[in-house]
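Visitor: There's a structure below that I have some questions on.
Derivation of every value follows stated rules applied to the coordinates shown; laboratory data play no part. Model, not experiment: these values are computed from the prediction. Don't worry about glycine lacking a Cβ; one is built from the backbone with ideal geometry, like all the others, and counts go over all protein chains shown.
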Amino acid sequence: MDKEIVARVAKASHIRLTEEELDRYCKDLGDILDYFAILDEAPNHDGNGINPVEIADVLRDDVPEEKFDSEELLRDMKTYENYIRGPKLV
């Protein structure tokens, strides 16, 4: 990694780096980019990937159901003719 690029990124990020930190970050970021280059050389696999569970879009019919009793939910609320009153929206 080029020292000038690290300095520009640090400046854009409002981070002040000493010369020691610039040198260390140049080395560290260069190492990280080298590791990604190694990953780019890995062969592609057309079969199953690393996920053991098949990922597929599964759609179901939307069936309305009432899981909670509305009377039970509204029992402790201030209501007006079974409607919950809230602040006026403008």
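Visitor: Say whether the condition of being aliphatic (A, V, I, L, M) and more than 26 Å from the chain's Cα centre (by Cα) is met by at least one residue in the range 13-36.
Guide: Filtering the range 13-36 for residues aliphatic (A, V, I, L, M) gives 15, 17, 22, 29, 32-33.
Cutting the leftovers down to more than 26 Å from the chain's Cα centre (by Cα) gives us 17, 22.
Checked the range 13-36: at least one residue is aliphatic (A, V, I, L, M) and more than 26 Å from the chain's Cα centre (by Cα).
For every residue, the table says whether it meets (1) outside any helix (DSSP H, G or I); (2) of a type outside the set (A, V, I, L, M, F, W, C); (3) surrounded by 10 or more Cβ atoms within 10 Å (Cβ to Cβ).
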position	(1), (2), (3)
ARG8	no, yes, yes
ARG24	no, yes, yes
LYS27	no, yes, yes
PRO52	yes, yes, no
GLU72	no, yes, no
